[in-house]
Amino acid sequence: MLRTLLRRATWSGCPRPDPWRLTATMSYSSKDNKSTAKKAKKGKDKNDPAAAADDAVSDVDAALFDEKARARRLQADENDPSLDVGPNGRPLFTATPTLSQLTRKDACSYFKLKMEELNNVLPEGLPLGMVKEFEDAMQSAVLVRQSFLDLRDNFRWIVDPPLHSSTTKGTKVRKQIVLDGPVSCGKSIALSMLVQWARGEGWLVLYVPRGRDWTYGGFFYKNPQTGLWDTPVQAENILKDFLKFNESRLKQLFCQIFDPIPLGEGAGVGWMKDGIDTMAMPDGSTLYDLVDTGIKHTHAAVGVVVRLRKELSLVKDIPVLIAIDQYNSWFTFSEYEEPVTVRSTRPIHAKELATVKAFRSMRHDDMMVGAFSHSTAVGKLRQDLPEVPTDARVNFPRYTLDEAAAVCHYYLRQRLIRREAFTEENWKKIYYLSNGNGAEIRWLVPLMRGDGMQADG
């Protein structure tokens, strides 16, 4: 809560830069400010609510002062390359300019991102874990992990088999992958980096950073023609998100299915008048025209999403990738309920939603990757998921010891750790205490002290 207040207060009263452009920097301690705060507390009645409120405000002010001081110091640190040192004297940041050019030599180093470019290539939104990392570190950089390089190369080798045969031996490539693994192991960040890489290569990517959004909110109607539930508000949002980055590419791809688009109930307006239940697409329509039709006509939104999935399977001119985060939310119940009696309802499973059913299956020949997210509170799913190949599930690991070493040196560089308290023994304690959990490491490193890992009492 305190950290949230700090972030809001840091930017109050002055224009905030581009979204999530964290170039300003801060210091973790301000002795003068803390001593002043302590002196102000003396002589106050501990049972006085007004005094307690004043103390809370003083704590926020002191911490805010520390945040601003850290921001200034980090800004000055940008001119000192001698600070960019990782474990064993290795460079902390890689000089490789693109995700496509990263190799195994770049593993356990940080790749700097330009926030304006990142927001342009991922207009659907960034993963929450990535946003928190950028905010806490006050730097837009991600750790290059071998697990990400393996994921990227898997799909690269599908598109360029000769490269695969000449560089690997016995490595199985998969067109469909489900990223599973423990909490805060980096699945969502790896998926977003994969999307960024693929779009940089000129691929057509349908990226869904919040798959759970498909399963709640808005209107929902049972379509008597399909027996599935239509969610026109979600369908319109899906199409709008798909158009954000891919508009120019979609204008170059022609529709290959010429059947009329089935219509359903519109969002809050019911069925079309005069019994119209289909909409024909004009000859020569592009995929952009198809998507635009679903956005402009609420009755066609769900039908267009379903048709779009079929059209994507027919695109051969360029590689197509479907990337779904929070994919596990499509294997449990949605937040919709169907009335059964006057006093009872039946929960509607996600697979009964027309949009989810169109995209959930991995039993096809298209490239598709889904990432499980434990933030959705879905719970543990069975190993053999319906409509998912048995070998598609890949366990995404938490930080290794070498990766944790790079991470802690990076946090030292970003002044999340006191330099006098930073020792190999201390950062290893944090690694083993957190069991490689990235979010917990980031939370624990500020507690590092010169006499060991001790939090203030």
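Being of a type in the set (S, T, N, Q) and closer than 24 Å to VAL394 by Cα is the filter here, so list the residues in region 132-149 that pass it. Once the filter is applied, which keeps residues that are of a type in the set (S, T, N, Q) and closer than 24 Å to VAL394 by Cα, region 132-149 yields GLN146, SER147. Within region 104-141, if we keep just the residues that are open to solvent by less than 10 Å² (accessible area, probe 1.4 Å) and assigned to a strand (DSSP E or B), the residue that is farthest from GLN326 (Cα to Cα) turns out to be TYR110. Yes or no: region 376-386 includes at least one residue that is among the aliphatic types (A, V, I, L, M), within 20 Å of LYS187 (Cβ to Cβ), in contact with a strand residue (DSSP E or B) (Cβ under 6 Å, 6 or more places away or on another chain) and in contact (Cβ under 8 Å) with a residue 60 or more places away in the chain. No, region 376-386 has no match at all. Scanning region 150-173 for residues being assigned to a loop (DSSP other than H, G, I, E, B) and either at pLDDT 95 or above or not basic (Lys, Arg) (or both) gives a total of 5. Confirm whether GLN234 is modelled with pLDDT of 95 or more, open to solvent by 40 Å² or more (accessible area, probe 1.4 Å) and touching a Leu at 6+ places or on another chain (Cβ under 9 Å). The answer is no for GLN234.
Considered as a group, the residues in region 183-229 that are of a type in the set (Gly, Ala, Ser) and more than 15 Å from the chain's Cα centre (by Cα) include one that is farthest from LYS244 (Cα to Cα), and that residue is GLY227. Looking at region 268-283, is at least one residue within 30 Å of GLY186 (Cβ to Cβ), surrounded by 16 or more Cβ atoms within 10 Å (Cβ to Cβ) and not charged (D, E, K, R)? Looking through region 268-283, none of the residues is within 30 Å of GLY186 (Cβ to Cβ), surrounded by 16 or more Cβ atoms within 10 Å (Cβ to Cβ) and not charged (D, E, K, R). Selection of region 255-302 for residues being more than 25 Å from PHE220 (Cβ to Cβ) and part of a helix (DSSP H, G or I) yields LEU287, TYR288, ASP289. When you look at LEU312, is it in contact (Cβ under 8 Å) with a residue 40 or more places away in the chain, in contact with a His (Cβ under 9 Å, 6 or more places away or on another chain) and not acidic (Asp, Glu), yes or no? No. Output yes when any residue across region 223-236 is touching a helix residue (DSSP H, G or I) at 6+ places or on another chain (Cβ under 8 Å), over 17 Å from THR355 (Cβ atoms) and either free of Cβ contacts under 8 Å to residues at least 24 places away in the same chain or of a type in the set (A, V, I, L, M) (or both), and no when none is. For region 223-236, residues touching a helix residue (DSSP H, G or I) at 6+ places or on another chain (Cβ under 8 Å), over 17 Å from THR355 (Cβ atoms) and either free of Cβ contacts under 8 Å to residues at least 24 places away in the same chain or of a type in the set (A, V, I, L, M) (or both): absent. For ASN246, the conditions (1) surrounded by 15 or more Cβ atoms within 10 Å (Cβ to Cβ); (2) out of contact with any helix residue (DSSP H, G or I) (no Cβ under 8 Å at 6 or more places or on another chain); (3) not in a helix (DSSP H, G or I) are fulfilled apart from (3).
Return the residues of region 289-325 that are open to solvent by 50 Å² or more (accessible area, probe 1.4 Å) and not acidic (Asp, Glu); say none if nothing qualifies.
Within region 289-325, the first condition is being open to solvent by 50 Å² or more (accessible area, probe 1.4 Å), and the residues that meet it are 289, 296-297, 310, 314, 316-317.
Within region 289-325, LYS296, HIS297, LYS310, LEU314, LYS316 meet the criteria.
Restricting region 80-98 to residues that are in contact (Cβ under 8 Å) with a residue 40 or more places away in the chain and of a type in the set (S, T, N, Q) leaves a set whose member that is least open to solvent (accessible area, probe 1.4 Å) is THR94.
Hey, among the residues in region 317-330 that are within 21 Å of CYS185 (Cα to Cα) and of a type outside the set (Asp, Glu), which one's farthest from the chain's Cα centre (by Cα)? Step through it out loud before you land on a result.
If we filter region 317-330 for residues that are within 21 Å of CYS185 (Cα to Cα), which is where we start, we get 323-330.
Retained after the next criterion (residues that are of a type outside the set (Asp, Glu)): 323-324, 326-330.
Numbers: ALA323: 11, ILE324: 10, GLN326: 9, TYR327: 12, ASN328: 14, SER329: 15, TRP330: 17 Å.
Across region 317-330, the extreme among qualifying residues is TRP330.
The set of residues from region 426-437 being part of a helix (DSSP H, G or I), touching a residue at least 24 places away in the same chain (Cβ under 8 Å) and out of contact with any helix residue (DSSP H, G or I) (no Cβ under 7 Å at 6 or more places or on another chain) comprises ASN426, LYS428, LYS429.
Checked against (1) within 30 Å of VAL183 (Cβ to Cβ); (2) surrounded by 18 or more Cβ atoms within 10 Å (Cβ to Cβ), CYS255 meets all criteria but (1).
Are any residues in region 275-305 in contact with a Lys or Arg (Cβ under 8 Å, 6 or more places away or on another chain) and within 22 Å of LEU353 (Cα to Cα), and if so, which ones? Correct list: LEU290, ILE295. Applying the criterion of being surrounded by fewer than 20 Cβ atoms within 10 Å (Cβ to Cβ) and of a type in the set (Ser, Thr, Tyr) to the residues of region 392-423, the residue that is nearest to the chain's Cα centre (by Cα) is THR400.
The values are calculated or read from the model by the stated rules, or taken from the named source; none is laboratory data. Nothing here was measured: the structure is a model prediction, and the numbers come from that model. Neighbour counts are summed over all protein chains in view; Cβ atoms, including those assigned to glycine, are modelled from backbone coordinates with ideal geometry. Heads up: the accessible areas ignore ligands, DNA and RNA and are worked out on the full protein's heavy atoms, side chains in. Shrake-Rupley method; radii C 1.70, N 1.55, O 1.52, S 1.80 Å.
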